[in-house]
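*Asks:* Please find one structure pasted underneath; my questions will follow.
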Amino acid sequence: MNKKGLSTPYVIWMAIFVVAPLILVVVYAFTSKSGGFTFENFSGMLQYAGIFSNSFLLAIIATAICLAIGYPLSYFLAKESATIRKVAMIFIMLPMWMNFLLRTYAWMSILEDTGLFNRLLALLGLPTLHIINTNAAVVIGMVYNFLPFMILPIFSVIEKIDRSVIEAAQDLGANSVMVFKRVIFPLSLPGVLSGITMVFIPAVSTFVISKLLGGGMTWLLGDLIENQFLGNVYNPHLGSAISLVMMIIVMICMAVMNRFGEGEEGAVVL
């Protein structure tokens, strides 16, 4: 059997489970309930502009926090011994072996008003905080669940940086700050952009985290789309239009970041 024959099952799988659903989304987005062509589904999204803005705002905040935590952790892990790296990777990946819902339910128990976090604050004599069913709880859930997606690509890129490049910068008189600024960070930028993409996309489209930790008080795009298909309003045409617009926006963001990465990759200035 030739190579094309070996790829046939994959092509059939992609056609049935990827291409066909996308075609259905496009068809539903541009048709009305009567089956006629219309743009009303897109104009109807204007009433949900607040949900769009809130979704992207929370996703950006969660992505920024993941980057602020993930980059330093990846940088210092890349400098450690192989043994420490392996142990650290186990602890980073260990939560990912658990079910996504279980991890999110655990955070409900931690963040509720009588949960572990507020009990700890009370034990320390500090005032308790109402976090559950707020935007803050949703962001915490996003950061916890998606942080490994930021750490792993950045760590992978930094780990592969040739030590001779760093040594050359040091030989030319660059101190540790200059080496990081002009050598390590530019070379690690592809990993940073990959991590941002891998965190931002699931964060902006999640609905489980917002439903459980937001308690129905925080609606994101994922909740809105789910409501159009499974809720009482049941409007798959509007849901498809929202899904299509969200896909286009995400693709634009990915294209911009990839374009930026192409321009910065290898931009090492000594």
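*Asks:* What residue, among those in region 85-95 that are exposed (fewer than 13 other Cβ atoms within 10 Å of the Cβ) and of a type outside the set (Val, Ile, Thr), is farthest from the chain's Cα centre (by Cα)?
*Replies:* Among them, the one singled out is 86.
*Asks:* State whether the residues of region 39-62 include one that is touching a residue at least 24 places away in the same chain (Cβ under 8 Å) and within 30 Å of residue 86 (Cβ to Cβ).
*Replies:* Checked region 39-62: at least one residue is touching a residue at least 24 places away in the same chain (Cβ under 8 Å) and within 30 Å of residue 86 (Cβ to Cβ).
*Asks:* Among the candidates 41, 54, which residue alone is on the phi < 0 side of the Ramachandran plot, surrounded by 13 or more Cβ atoms within 10 Å (Cβ to Cβ) and touching a His at 6+ places or on another chain (Cβ under 6 Å)?
*Replies:* Result of the check over 41, 54: 41.
*Asks:* Show me the helices (runs of 4 or more DSSP H) found entirely inside region 98-198 where at least 3 residues are closer than 17 Å to residue 66 by Cα and under 16 Å from the mean Cα position of the chain (by Cα).
*Replies:* Details: elements: 100-111, 116-123, 135-159, 163-171, 176-179.
In region 98-198, 135-159 are the helices (runs of 4 or more DSSP H) which contain 3 or more residues that are closer than 17 Å to residue 66 by Cα and under 16 Å from the mean Cα position of the chain (by Cα).
*Asks:* Quickly run through region 1-48 and pick out the residues that are β-branched (Val, Ile, Thr) and in contact with a Phe, Trp or Tyr (Cβ under 8 Å, 6 or more places away or on another chain).
*Replies:* Within region 1-48, 31, 38 meet the criteria.
*Asks:* Using the structure shown, decide if residue 229 is in contact with a Pro (Cβ under 6 Å, 6 or more places away or on another chain), among the aromatic types (Phe, Trp, Tyr), within 30 Å of residue 35 (Cα to Cα) and without any contact (Cβ under 8 Å) to a residue 40 or more places away in the chain.
*Replies:* Judged against the criteria, residue 229 is a match.
*Asks:* Among (1) touching a Leu at 6+ places or on another chain (Cβ under 6 Å); (2) surrounded by 19 or more Cβ atoms within 10 Å (Cβ to Cβ), where does residue 145 come up short?
*Replies:* Just one mismatch for residue 145, condition (1).
*Asks:* For region 1-40, which positions are outside any helix (DSSP H, G or I) and not small (Gly, Ala, Ser)?
*Replies:* Listed by number, the residues that qualify are 1, 2, 30, 31, 33, 37, 38, 39.
*Asks:* Another one. How about region 236-270: which of its residues are modelled with pLDDT of 90 or more and in contact with a helix residue (DSSP H, G or I) (Cβ under 6 Å, 6 or more places away or on another chain)?
*Replies:* Hits for region 236-270 are 236, 237, 238, 239, 240, 241, 242, 243, 244.
*Asks:* Which one is nearest to residue 106 (Cα to Cα), of the residues in region 209-247 that are of a type in the set (A, V, I, L, M), under 16 Å from the mean Cα position of the chain (by Cα) and part of a helix (DSSP H, G or I)?
*Replies:* 209
Here is a yes/no grid of residues against (1) among the basic types (Lys, Arg); (2) under 30 Å from residue 155 (Cβ atoms):
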site	(1), (2)
54	no, no
60	no, yes
75	no, yes
81	no, yes
85	yes, yes
113	no, no
123	no, no
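The values are calculated or read from the model by the stated rules, or taken from the named source; none is laboratory data. Predicted model, so just to flag it, every value in this text is computed and none were measured. Because the Cβ atoms are built from the backbone with ideal geometry, glycine has one as well, and the counts that use them run over all protein chains shown.
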